[in-house]
Amino acid sequence: MDQFMTYLEEERSRLEAKEAELCADGRKDEGDIEKVKFNVYGMYLAIYQTVKRQCTPETLSDVYLKRLEEFPEKWEIFLKKAEQFGDAKRALTERAKLETLQEIRNRFLSFRG
Amino acid sequence: MQEADVIKVFKCLADKSRLQIIKSLVREDMYVEQLAERLALTAATVSFHLKKLVDANIVTSYRDQYYTMYSLCEKVLQKSIYEIIREDFETDGELERREEEYRKKVIDSFFEFGELKTIPAQRKKERIILEEIAKAFEDEKVYTEQEVNQVISRFHEDYCTLRRDMVGEGIMLREEDRYWKAEQIKGPF
């Protein structure tokens with residue numbers, strides 16, 4: 001499971017570098033979306049570290065999976081509303097959060113085995 | 001062109017992806033998925049950029065059988081940078097325009113998806129919010145207090161404060177437990 005933490009940290013570094021690269025390339029708006037993904041990875045890294053401290057190895061997996069389900073519903077509501085109100089940037093942001101969470105979840109499940 | 005429009009155009013052009021979209025559209029009109037494939041961007045990202053370009057009047061869209069096609073508005077792009085800078089910005093109605101911009105900024109800050117995020121502490125800003133909420137009331141209709149509360153609660157849970165302040169600001173008038181929009185009718189009594 002430490003492999004999962006390493007994965008989260010490496011993805012954060014990668015996204016941070018990608019954001020800087022896009023901004024330097026004159027694509028700040030796209031860089032902002034990478035920053036959003038970076039923040040999502042940061043959030044779930046912090047949650048993972050907390051869960052790891054508080055749980056036993058046997059219960060860690062189930063508790064963390066449950067924590068992964070806490071936010072998506074809100075983000076989906078915001079995505080629908082953003083599309084309904086024609087807020088393109090907000091829609092892009094909420095979609096990026098949901099896609100990033102899905103990647104994290106899938107990767108966690110693959111490490112769990 | 002207004003100064004705000006000029007700034008919008010330049011801000012829009014100051015992005016590599018948007019420049020690449022414009023260059024693609026110089027050759028031919030295209031739809032979102034075509035642009036996405038050509039520029040190796042997601043369709044959602046292309047849609048976001050196109051919306052900015054449409055807002056700046058650099059690009060326009062039209063429906064073509066199955067697709068929404070995008071094309072350049074050549075009028076803006078045919079002006080040279082020098083011509084744009086040389087232009088005297090229109091000054092008629094400058095004050096009204098600034099006030100309208102300020103109003104829009106307040107509304108954009110305090111409303112999200114049609115709901116009020118928080119009641120402004122500053123009176124000037126609160127008045128703008130109250131006037132915006134007042135648009136939900138019909139002209140020349142007399143409401144009961146319960147009806148007023150129902151309308152306001154669509155915007156924010158603290159309908160009591162908002163109702164009281166709408167009366168306090170003279171946006172709504174009240175006679176006993178009946179309410180109506182100000183400046184529309186004299187009142188039911």
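All of the numbers you see were taken from the coordinates with simple rules; none came from a lab. Worth saying up front: this structure is predicted, and the values here are computed from it rather than measured. Using ideal geometry, Cβ is built from the backbone for each residue, glycine included, and neighbour counts are taken over all protein chains shown.
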Using only the alpha carbon atoms of region A:3-73, find the Kirkwood hydrodynamic radius as the inverse mean reciprocal pair distance, in angstroms to one decimal. 13.3
Could you list, bin by bin from short to long, the percent of Cα-Cα pairs of region B:62-132 in 10 Å steps? 15, 24, 21, 28, 11, 0
Shielding of A:29-40 by other chains, given as the mean Cβ count within 10 Å, works out to 2
Determine the principal axes of the Cα atoms in region B:1-89, then give the extent along each, sorted from largest to smallest and rounded to whole angstroms. 42, 25, 20
Within 10 Å of each Cβ of B:44-51, how many other protein chain Cβ atoms are there on average? 5
So what are the ³J(HN,Hα) numbers for region B:146-162, from phi and the Karplus equation (6.51, -1.76, 1.60; θ = phi - 60°), rounded to whole Hz, Gly and Pro as x? 4, 5, 4, 4, 5, 5, 5, 5, 5, 9, 7, 5, 8, 5, 4, 4, 5
Taking every pair of alpha-carbon atoms in region B:49-189, what share in percent sits in each 10 Å bin, from 0 to the bin with the longest distance? 10, 27, 23, 18, 16, 6, 0
Determine the relative contact order of chain A: mean sequence separation of Cα pairs under 8 Å and six or more apart, normalised by residue count, in whole percent. 30
Over chain B, relative contact order from alpha-carbon pairs under 8 Å, at least 6 apart, %: 14
Figure the gain on full extension for B:GLU132 and B:LYS79 (residue separation times 0.36 nm, minus the Cα-Cα span) and round it to one decimal in nm. 15.3 nm
Counting only other chains, and only Cβ atoms inside 10 Å, what mean value do you get across the residues of B:12-21? 3
Whose amide H sits under 5 Å from the amide H of B:ALA182, counting only residues 5 or more places off or on another chain, with H placed in the peptide plane? B:MET172, B:LEU173
List the pairs from A:LYS74/B:LYS141; A:LYS35/B:LYS117; A:LYS28/A:LYS81; A:LYS35/B:LYS8; B:LYS11/B:LYS124 whose alpha-carbon separation is above 28 Å, in the order I gave them. A:LYS74/B:LYS141; B:LYS11/B:LYS124
Label points 7 Å out from Cα along the Cβ direction at B:PHE113 and B:SER71: separation in nm? 3.7
Sum up the charges of everything whose Cβ sits under 14 Å from the Cβ of B:PHE111, counting Lys and Arg as +1 and Asp and Glu as -1, but leave B:PHE111 out. +2
